[in-house]
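Notes to accompany the following structure.
The values are calculated or read from the model by the stated rules, or taken from the named source; none is laboratory data. Keep in mind that this is a model prediction, so the values were computed, not measured. Quick reminder, even Gly has a Cβ in these numbers, built from the backbone with ideal geometry, and neighbours come from all protein chains shown.
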Amino acid sequence: MLKNDNTQVVSADFRQPYTPFVLANSLESIGVEFHRANAIARKLGQELQEKKVSLITRSDLRQVAYEKIKKELGKITAERYVKFRKFMNIKKPLILMLGGSTGSGKNTVAVELAHRLDIVNVITTDVLREVMRAFFSREVLPVIHTSSYLAGKKLWMPLEEGKDQATVAFREQALRVNAGIKSIIKRSVKEKMSVIINGVHVLPGIIKPSDFKKANLAEVFIYIESEKEHKKRFYIRGLASEERGAQKYIDNFESIRSIQDYILELSKKHNYLCIDNLDSRRTAVEIIDYIVDKFRYCQKRHEKMKKE
């Protein structure tokens, strides 16, 4: 996307040409369709040129953008844009914990969020589990040497009456992986780098926001409510990749659903945002709205306490 070299955006520490990409990406992040967002951003640049605006501060540009968005898309969208830009200027790193059962679309949503929030660090809990496998043999820790929905077959301990084998074994596996999740968060906080951690092993209640006060920790769980839709996704996955054929998921579908129900119940108990992920784009926008509202409120409350 071309820069507007005739209009320079300035602040105390930088000067750069107006770039439509920045505004367009912000609009996309709050749910504006791609082509519409780009058209508005380009039109704003043309108007700045026509008015012969050579220098403009970031705050003035934001106000001009607000008025343009309000005219084109309405007041509600314009206010969402302002809230989003203010959120993006918060100094604390964002740690987004994105949980979800097998087949819920976690990776697709994580990629959407990374693009919209300009986050380069996306880590899956499957990778953490793979690293742990290199350090702990099957004999020492058998439960991590299999998929989450197959862990029940590796469970050696006797179960209490009424306990579900799939969920008990999954919890055992997830607790091990969460040690790695904590290490990733500590590193991200230390380096002040935002990160998205996504995977079935994001277990509600294990990672506590109070332990990481120098970061904005957001917790989200996505799921597929419809069993029919959930199964269909595995068939689609099988068609897209021979290595990830559908049959193994269908054969273990009952365990996958049990684990989803277990995490969903925990997520609601711990006040996670829970979303039935029928459309990854809409889900990403809903998550961003939630994050922006949550941490803008926290920021305002912190600023009010400092004044008092």
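The C-beta contact set for the range 217-235 (first residue outside the structural domain of Asp289 (by TED's automatic domain parsing), second residue assigned to a strand (DSSP E or B) and modelled with pLDDT of 95 or more, distance under 8 angstrom, 6+ apart or interchain) is empty. Scanning the range 179-195 for residues that are hydrophobic (A, V, I, L, M, F, W, C) and more than 20 Å from Leu266 (Cβ to Cβ) returns Ile184, Val189, Met193, Val195. Screening the range 157-175 for residues that are under 24 Å from Phe253 (Cβ atoms) and at pLDDT below 70 and picking the one that is surrounded by the most Cβ atoms within 10 Å (Cβ to Cβ) gives Leu159. A count restricted to the range 239-286 and to residues that are modelled with pLDDT of 90 or more, of a type in the set (S, T, N, Q) and exposed (fewer than 15 other Cβ atoms within 10 Å of the Cβ) stands at 1. Within the range 177-197, being over 23 Å from Phe136 (Cβ atoms) and of a type outside the set (Ser, Thr, Tyr) holds for Val189, Lys190, Glu191, Lys192, Met193, Val195, Ile196. Restricted to the range 1-53, and to residues there that are of a type in the set (D, E, K, R) and either assigned to a helix (DSSP H, G or I) or in contact with a His (Cβ under 9 Å, 6 or more places away or on another chain) (or both), the residue that is surrounded by the most Cβ atoms within 10 Å (Cβ to Cβ) is Glu28. For the range 82-109, filtering for residues that are surrounded by 24 or more Cβ atoms within 10 Å (Cβ to Cβ) and in a helix (DSSP H, G or I) leaves 2. Taking the range 110-129 as the range and being more than 20 Å from Ser183 (Cα to Cα) and not in a helix (DSSP H, G or I) as the test, only Asp118 passes. Residues that are surrounded by fewer than 17 Cβ atoms within 10 Å (Cβ to Cβ) and either in the same structural domain as Val292 (by TED's automatic domain parsing) or not in a helix (DSSP H, G or I) (or both) within the range 54-75 comprise Ser54, Leu55, Thr57, Gly74, listed in sequence order. Hey, does the range 211-227 have a residue that's polar (S, T, N, Q), over 15 Å from the mean Cα position of the chain (by Cα) and not in a helix (DSSP H, G or I)? Yes; the residues of the range 211-227 include at least one that is polar (S, T, N, Q), over 15 Å from the mean Cα position of the chain (by Cα) and not in a helix (DSSP H, G or I).
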